[in-house]
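A.B. asks: Quick one: the structure is below, and I'll ask about it shortly.
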Amino acid sequence: MMRDRWRTVVTICFIAALFVPVVRDGDGVPFSSYSMYASPRSPEIAFIVAIGQDVDGDDVVLSPRTIAATADPLIVESYLRREVEGGRVATLCATIARRVVDTRVGAIQIRSDRLHVVDRVLGQSPPIKSELLASCPVP
């Protein structure tokens, strides 16, 4: 009998905890519907990017398939970051250069671009800071 009451109380508390994010005004830890977004983020973030360069030195956007043989931009980002953090940036650059089919592209640059995220998504802002990590010619 006492065990059934204890089970009922625990069940009610568990169900109530599930609805806390719906009832609360705001989102935060430990009760969050999207806990990965529960803390404030910096408006700036560094992205590793692979950019083509034409003969005039102008940027040419490379497709995700050229960069990482996939159409998924999240996989491209994680691939670039993993290779750079693993110290394989020169190999990465050469691998991407071999995949290029656009005849305008004469070189590849691997960069770390610091961006203001919202402005960049809206197309209103160039990178705040850009650090060249590697450059290689397209064969």
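A.B. asks: Starting from the stretch 32-54, keep only residues that are over 20 Å from Pro64 (Cα atoms) and at pLDDT 85 or above, then list their pairs with residues that are among the charged types (D, E, K, R) and surrounded by 11 or more Cβ atoms within 10 Å (Cβ to Cβ) whose Cβ atoms are within a distance under 7 Å, requiring at least 6 positions of separation or different chains.
C.D. replies: So the pair list comes out as Glu44/Arg114.
A.B. asks: Could you list, in sequence order, all residues of the stretch 97-139 that are over 19 Å from the mean Cα position of the chain (by Cα), in a strand (DSSP E or B) and surrounded by fewer than 18 Cβ atoms within 10 Å (Cβ to Cβ)?
C.D. replies: Ser135, Pro137
A.B. asks: Quick check on Ala94: is it farther than 19 Å from Glu131 by Cβ, part of a helix (DSSP H, G or I), at pLDDT 95 or above and not assigned by TED's automatic domain parsing to the domain that holds Leu18?
C.D. replies: Against the criterion (farther than 19 Å from Glu131 by Cβ, part of a helix (DSSP H, G or I), at pLDDT 95 or above and not assigned by TED's automatic domain parsing to the domain that holds Leu18), Ala94 qualifies.
The values are calculated or read from the model by the stated rules, or taken from the named source; none is laboratory data. The structure displayed is predicted, hence computed values, not measured ones. Methodologically, a virtual Cβ is constructed for each residue, glycine included, from the backbone with ideal geometry; neighbour enumeration extends over all protein chains shown.
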